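The structure under discussion appears below in the form of structure tokens.
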Amino acid sequence: MKNLIDKYAYLLVFVWSCVLFIPFLGAVHLFDWDEVNFAESAREMLLTGNYQKVQINFSAFTEKPPLFFWLQAASMHIFGVNEFAARLPNALVGIITLLFIFSVAHRWFTKRFAWIWVLLTTGSLTPHLYFKTGIIDPLYNLFIILSIYQLFLYSLGKNPLHAWLLGLFLGLAIITKGPVAVVIIVLCFLVYWAFQKGKIFFYVSHLFYATLSAFIVSAMWFGLETIQNGPDFLFAFIAYQVDLFLNPVAGHGQPFWYHPLVLLLGCFPASIIAFPNLIRSKAQTDTSAQLQLLFFMRLCFWVVLILFSIVETKIVHYSSLCYLPLTFLAAHFLYQFDLSQITWKKYQTVFFLFVGTMLSFLLMAITFIDSFKAKLIPFITDDFAIASLQVNGGWQGWEFLLGLGLFLALLIVVLQLKKGNVMPGLRGFLLFHSLLIPCLLAVLAPRIEQYSQAPAISFFKTLQNKDVYIETLGYKSYAQYFYGRTKPHSNDSAKTIDWLLHGTIDKDAYFSLHVNNIQDHINPSLQEIGRAGGFVFYKRLVQTDSLESIIKP
């Protein structure tokens, strides 16, 4: 059996990743903001045929470059405009990522190390889940990791090819999400240089090659956009990036310890396993190349964690670039343990049990929310939250078994850890957890969504293929465009809320509000047409008098 696994290792990694990442991609609606935002930009590319310009509501969207949207648009062209097509590019990125990390670990360590790294990636919560999303970060992070890997390869032999490839992947990262990629690579470069005590490790000519390569690739879009449409996009894009760094944009301000906590809980169990390996400088028998790779992985982890802990805008996936370095460090810890170079710590067992128990009980508690929400409501002061909880989540009563299964698996692995059977226990847990995570997404996410955005999305869907205006009031969303399948406006005034509310509109307008925002948007021309969950829906009729005045000579 072992010989077969070794012989067909890459095929097995491919099949394993396909089984985990592709099923259930369309099990739940796209989530606001990012998933719906990006999918809508791709949909508008298809609808307008304009692939050069990124748009939202058929207006310029200056927050992101287009590479990921091109992939989504291609997927939608094949599979239709739906959740599956919007998320499929990241599933494919996940497959490529697992094959990449397996090849890296196999080349520089062993196949056993490679399998451990793959299992830690698929068996940890957020590193697995983000390959089943429609956000930009999996692709963006892959390009940055590839850039850092090329920097590592260059440090071994100063081959100019790796300088060119570093720039290539960096340029692709730039047209995927933006210039933060440059900041990360430059910081990694400078910190590594500092650890070399100022010794020049990168020839100036090769540094030029990397810079030129990155410039050429990124200019293929940024340069073309600037030549065709002027520098407005570039200036607005840079201003937005600076604003993200200096200010908590869109209310996403969090304390400094936010990302460490996100990684501790979200990357369970890799975060617990990797903890002793986060700052340790050497492994006993690693070769110089292995030590160098270990150094670059630690370097990437700490540069990203510190940088995004300083940045004022903090969102969960901002620290997702830490996932692969963190799972590598966890895999390296187990590799050392397997070689009897390191011992499993008692505090790791304690934290493993504590974090795992907390997550499993949380999963079980969520499934009983309809049973105890009546007791929660008196303590809630937000009208939207109260109204949202009134929705029936559609729980069937058996869903708690998923959380219970996680808890039982946790107890089994803890018993194995206490007996000293570390590798068999963790290997079994990672296999189980890898298969459990897609089930959690397929079963829990659609039911949890009922308490948040599902009522509004159901309303937007009823307006598909109708020649109407659709907007939200008092809260920001992109779901009305994607799920309402809106079309380009013939009247530019339709892009302003004030005109839709008070102007002489030329077709019916529909609005979605939170129930606690009704008083802020009292308008005698608005007709309430329904309520669902925490949302109330209004309609404003076409202004027939103004139309008649236009039609009459």
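The values are calculated or read from the model by the stated rules, or taken from the named source; none is laboratory data. Computed from a predicted structure; not experimentally measured. Virtual Cβ from ideal backbone geometry, glycine too; neighbours counted across all protein chains shown.
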Quiz item: Out of segment 301-335, which residues are more than 19 Å from the chain's Cα centre (by Cα) and either assigned by TED's automatic domain parsing to the domain that holds Ile185 or not hydrophobic (A, V, I, L, M, F, W, C) (or both)?
Solution: His332, Tyr335
Quiz item: Restricting the first residue to segment 277-297 and requiring it to be at pLDDT below 80, which pairs with a second residue that is surrounded by 19 or more Cβ atoms within 10 Å (Cβ to Cβ) and part of a helix (DSSP H, G or I) meet a Cβ separation below 8 Å and a spacing of at least six or different chains?
Solution: Ala283/Leu294; Ala283/His332; Ala283/Gln336; Gln284/Gln336; Asp286/Leu294
Exercise. Filter segment 515-553 down to residues that are in a loop (DSSP other than H, G, I, E, B) and surrounded by 11 or more Cβ atoms within 10 Å (Cβ to Cβ) and give me whichever is modelled with the lowest pLDDT.
Key: Gln543
Practice problem: From (1) surrounded by 16 or more Cβ atoms within 10 Å (Cβ to Cβ); (2) closer than 30 Å to Val414 by Cα; (3) of a type in the set (Val, Ile, Thr), pick out the condition that doesn't hold for Thr357. | Solution: (1)
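So which of Lys375, Lys418 is under 30 Å from Phe109 (Cα atoms), of a type in the set (D, E, K, R) and in a helix (DSSP H, G or I)?
None of the other options fit; the residue is Lys418.
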Practice problem: Can you work out which of the residues in segment 14-40 that are at pLDDT 95 or above and of a type in the set (Gly, Ala, Ser) is surrounded by the most Cβ atoms within 10 Å (Cβ to Cβ)? | Solution: Ala39
Quiz item: Does segment 494-514 hold any residues that are in a helix (DSSP H, G or I) and surrounded by fewer than 18 Cβ atoms within 10 Å (Cβ to Cβ), and which are they?
Solution: Lys495, Ile497, Asp498, Trp499, His502
Exercise. For Ala74, state whether it is of a type outside the set (D, E, K, R), within 20 Å of the chain's Cα centre (by Cα) and crowded, with 19+ Cβ neighbours inside 10 Å.
Key: no
Quiz item: Does Phe460 satisfy the condition of being touching a Leu at 6+ places or on another chain (Cβ under 8 Å) and within 25 Å of Glu35 (Cβ to Cβ)?
Solution: no
Exercise. Test Lys177 against the criterion of being touching an Asp or Glu at 6+ places or on another chain (Cβ under 9 Å), over 30 Å from Gly356 (Cβ atoms) and modelled with pLDDT under 95, and give yes or no.
Key: yes
Quiz item: All but one of (1) among the basic types (Lys, Arg); (2) at pLDDT 90 or above; (3) out of contact with any Leu (no Cβ under 9 Å at 6 or more places or on another chain) hold for Lys495; which doesn't?
Solution: (2)
Quiz item: Name the residues in segment 472-482 that are more than 9 Å from Glu40 (Cα to Cα) and hydroxyl-bearing (Ser, Thr, Tyr), would you?
Solution: Thr472, Tyr475, Ser477
Practice problem: Six or more apart or on different chains, Cβ under 8 Å: which pairs go from a residue in segment 200-219 that's over 16 Å from Ser147 (Cα atoms) to one that's of a type in the set (Ser, Thr, Tyr)? Could you list them? | Solution: Phe201/Ser155; Phe201/Tyr192
Self-check item: Phe384 surrounded by 14 or more Cβ atoms within 10 Å (Cβ to Cβ), touching a His at 6+ places or on another chain (Cβ under 6 Å) and assigned by TED's automatic domain parsing to the domain that holds Gly397
Solution: yes
Exercise. Working only within segment 175-206, note down all residues that are in contact with a Ser or Thr (Cβ under 7 Å, 6 or more places away or on another chain) and in a helix (DSSP H, G or I).
Key: Ile185
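Among the candidates Tyr51, Tyr10, single out the residue that is out of contact with any Pro (no Cβ under 9 Å at 6 or more places or on another chain) and surrounded by fewer than 17 Cβ atoms within 10 Å (Cβ to Cβ).
Tyr10
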